[in-house]
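Taking it in order: structure first as structure tokens, then the write-up.
The values are calculated or read from the model by the stated rules, or taken from the named source; none is laboratory data. Keep in mind it's a predicted model, so treat the numbers as computed, not measured. Every residue, glycine as well, gets a Cβ built from its backbone with ideal geometry; the counts of neighbours run over all protein chains shown.
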Amino acid sequence: MGTSQYTGVGTAMITPFDKDGAVDHAKLAEFVEFQIAGGVNFLVPCGTTGESATMTEEEQFAVTKTTLQAARGRVPVLAGCGGNNTAEIIARGKHMKALGVTHILSVSPYYNKPTQEGIYQHYKAIRKQTGLEIVLYSVQSRTGSNVAPETVARLTEEQVIFGIKEASGSVQQIQKICDLTAGRLQVLSGDDAITLPLMAVGGVGVISVASNVVPGPMREWLDTMLAANFDKARALLHRLLPLFEALFVESNPIPVKGAASLLGLMDATYRLPLVAPAESTMHLLKQALAPFRGK
């Protein structure tokens, strides 16, 4: 499928808003440059970290287009295109394809809580009707339902998906997915803190929140694991772990956007129902970022 490019560290990009709450496309283009300069392997706009839930379809298309234009082919772009209405995702996917998108990250349907057969048919329909390459995003803490390893294996076997962003929090489930798909599926971590065990059992990368603010250190860390140098990876994790913890003391992306504001990357402007982080969170973020200043 020509999808090996989606390995290493991909950034689940935050979206800059101006003081009036509109998408700041100039700042977004600058942020893409910051990410590429930091060495990330690929970019993921319009995911949940990008506050896609509060964006209109037109805004999502515009953010994706700006990301593609700013990246200029230097790194691949895995565009967020998910939801709980299959027909709507297909329509949105066709529009994104017209923009030049070839690969999408699509979260398993939330709230509806479909059966495993429903999840299978959902992704099969998207793949068949759009022709887009799909990374399935499994995050049961947000969707309310799990994507079973057997369902993942079935989707892999039929070439409906080429990858999975696994954020179940279960190392046992990750191990089973890697075992059942036996190298035919690109398994990516959806949780920075669980990346090392995922890589140890056959994963190939992470779609990261932390790389929004520390792209260089995240690329260095992923490179050590891709080279199977887990001694060095554990040493690097010791420095990264306080940041991972600080970035999730409040709902994502509240802390990471606060961290980005501390680095001067963008304002900490959110759309309701998300609000600015507490002062205690900002204090934690300052401490966690301190070892990476100038990196």
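Among E157, E166, which is of a type in the set (D, E), closer than 23 Å to V201 by Cβ and in contact with a helix residue (DSSP H, G or I) (Cβ under 7 Å, 6 or more places away or on another chain)? First the steps, then the outcome.
Values: E157 fails: in contact with a helix residue (DSSP H, G or I) (Cβ under 7 Å, 6 or more places away or on another chain).
None of the others qualify; the one that does is E166.
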Can we say S52 is of a type in the set (S, T, Y), buried (at least 17 other Cβ atoms within 10 Å of the Cβ) and either farther than 24 Å from T7 by Cα or in contact (Cβ under 8 Å) with a residue 12 or more places away in the chain (or both)?
yes
Residue check, L265 against (1) part of a helix (DSSP H, G or I); (2) in contact (Cβ under 8 Å) with a residue 40 or more places away in the chain; (3) out of contact with any Ser or Thr (no Cβ under 9 Å at 6 or more places or on another chain), all met but one. Which one?
(1)
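Go through the stretch 140-158 and give me each residue that's outside any helix (DSSP H, G or I) and within 18 Å of the chain's Cα centre (by Cα). Talk me through it step by step, then tell me what you get.
From the stretch 140-158, those outside any helix (DSSP H, G or I) are 144-148, 158; that's our starting set.
If the condition is that a residue be outside any helix (DSSP H, G or I) and within 18 Å of the chain's Cα centre (by Cα), then N146, V147 are the ones that fit.
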Restricting the search to the stretch 2-25, which residues are surrounded by fewer than 17 Cβ atoms within 10 Å (Cβ to Cβ) and acidic (D, E)?
D18, D20
When the residues of the stretch 125-139 are narrowed to those that are free of Cβ contacts under 8 Å to residues at least 40 places away in the same chain and part of a helix (DSSP H, G or I), which ends up surrounded by the fewest Cβ atoms within 10 Å (Cβ to Cβ)?
K128
Flagged pairs (Cβ under 9 angstrom, 6 or more apart or on separate chains; first in the stretch 33-48, farther than 24 Å from P109 by Cβ; second of a type in the set (F, W, Y)) are N41/Y6; F42/Y6
Scanning the stretch 78-114 residue by residue, those touching a residue at least 12 places away in the same chain (Cβ under 8 Å), over 23 Å from G190 (Cα atoms) and of a type in the set (G, A, S) turn out to be G100
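Checking the condition touching a helix residue (DSSP H, G or I) at 6+ places or on another chain (Cβ under 6 Å) and more than 23 Å from Y6 (Cα to Cα), which residue from E245, E250, E279 passes? Can you show your working first?
Numbers: E245 fails: touching a helix residue (DSSP H, G or I) at 6+ places or on another chain (Cβ under 6 Å); E279 fails: touching a helix residue (DSSP H, G or I) at 6+ places or on another chain (Cβ under 6 Å).
Just a single option satisfies the conditions, and that option is E250.
Could you please give the count of residues in the stretch 189-202 that are small (G, A, S), outside any helix (DSSP H, G or I) and within 15 Å of the chain's Cα centre (by Cα)? Break it down into steps so the answer makes sense when it comes.
Pass one, the stretch 189-202, residues small (G, A, S): 189-190, 193, 200, 202.
Now restrict to residues that are outside any helix (DSSP H, G or I): 189-190, 202.
Among the residues that remain, those that are also within 15 Å of the chain's Cα centre (by Cα) are: 189-190.
Within the stretch 189-202, residues that are small (G, A, S), outside any helix (DSSP H, G or I) and within 15 Å of the chain's Cα centre (by Cα) number 2.
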Candidate set from the stretch 122-146 (those that are hydrophobic (A, V, I, L, M, F, W, C) and modelled with pLDDT of 95 or more); member that is farthest from S4 (Cα to Cα):
A125
If only one of L243, L236 is surrounded by 18 or more Cβ atoms within 10 Å (Cβ to Cβ), over 18 Å from the mean Cα position of the chain (by Cα) and either polar (S, T, N, Q) or at pLDDT 95 or above (or both), which one is it?
L236
Residue count, the stretch 70-88, condition surrounded by fewer than 16 Cβ atoms within 10 Å (Cβ to Cβ) and under 16 Å from T15 (Cα atoms), comes to 0
Take the stretch 53-83 and flag every residue that is more than 16 Å from T102 (Cα to Cα), at pLDDT 95 or above and not hydrophobic (A, V, I, L, M, F, W, C).
T54, T56, E57, E58, E59
